[in-house]
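Have a look at the structure below, then the notes.
All of the numbers you see were taken from the coordinates with simple rules; none came from a lab. Being a predicted model, the structure only gives us computed values, none of them experimental. Note that we place each Cβ from the backbone using ideal geometry, even for glycine, and neighbour counts take in every protein chain shown.
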Amino acid sequence: MSAANLLSIRHVGKHFGGLHVLQDVSFEVPAGSIYGLIGPNGAGKTTVFNLITGLLTPSAGSIDFQGASLIGQQAHQITHRGIARTFQNIRIFKEMDLLENVMVGMHEHLNYGPLALLLNSGACRAAEKRARERALELLSWVGLDHKADMLADNLSYGDQRKLEFARALATEPKLLLLDEPVAGMNPSEKTILMEEINNIRNRGYGVFMIEHDMRFVMGLCDRIAVLNFGRIIAEGTPDEVRNNPEVIEAYLGKEDAA
Ligand SMILES: Nc1ncnc2c1ncn2[C@@H]1O[C@H](COP(=O)(O)OP(=O)(O)O)[C@@H](O)[C@H]1O
Ligand SMILES: [Mg+2]
């Protein structure tokens, strides 16, 4: 693989019994870029994320992150290697406040075991303090620092998405996977999120997103892959993808008509 590629997906297949959900899927996510995966409902997009994050194992092919295979690794090992994700259906801890939600994402990086916590040692307290400061900083990146001690349950839908973001970033990922980040957001929330995703890239993270909102995807991504019935039918810059006749036929045409 080329050193510039963060993630390499080669000839990946996935079937559930006789249902072939992905077939011969190959593409590369370059470092320091925003990469998009689009396609109609049921095309297999979320399955791609589940394969990358270790929730599912591919039936065929290879998935490499920074030159080393991800296949066979547990989800927490993959997080530790530097991949974080948000979910199509938001998963936050509604009974915790925002700061606590973000700190949950960080615990892997706190190197203090149960005994140190029990003794409440000085080093442990200092680590806890640093974690709180970092969590507040992440909340301020997404514009939620003033709500740090609010219960997550009381947030608007758009704010819950931002909180998921902040928590994903708390693991200090090299690659952030976003599954339909603007679903259910209003236009002004979308604009804010667009800026935030740009900021994330500018801070050196790679971003790989699944998104249905064409304006959002086309405006933000450096490159886009198009999945249709489990196969990649096009890959390229937003302009290349937008003008590809097969894509227009399979997806964009229908979207415009809808
Ligand atoms: N764990 C699973 N078991 C069986 N079928 C699945 C599973 N996960 C996804 N599928 C099927 O795979 C297909 C693609 O699903 P998905 O990846 O969620 O599509 P998308 O995210 O593009 O809408 C669907 O037909 C779905 O029902
Ligand atoms: Mg999906």
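Would you order Cys124, Cys221 from fewest to most other beta-carbon atoms within 10 Å of each residue's own beta-carbon?
Lowest to highest Cβ neighbour count: Cys124, Cys221.
So which of Lys147/Lys174; Lys94/Lys174; Lys14/Lys174; Lys14/Lys190; Lys45/Lys94; Lys147/Lys190 end up more than 30 Å apart, counting from Cα to Cα? Present the calculation step by step, with values, prior to reporting the outcome.
On the way: Lys147/Lys174 27 Å; Lys94/Lys174 27 Å; Lys14/Lys174 25 Å; Lys14/Lys190 32 Å; Lys45/Lys94 27 Å; Lys147/Lys190 20 Å.
Check vs 30 Å cut-off fails for Lys14/Lys190.
With each label modelled as a point 7 angstrom along the Cα→C-beta vector, the Lys94-Arg10 pair spans 4.5 nm. Please give the helix 157-170 orientation as an angle from the longest Cα principal axis of the chain, in degrees from 0 to 90, rounded to the nearest 10. Around 70 degrees separate the two axes.
Between Arg132 and Met150, the modelled labels are 2.1 nm apart [label points 7 Å from Cα along Cα→Cβ].
Between helix 122-141 and the chain there is an angle of about 40 degrees, using the helix long axis and the longest principal axis of the Cα atoms.
Relative to the globular-protein estimate of 2.2 N^0.38 Å, the Cα radius of gyration of the chain stands at 1.05.
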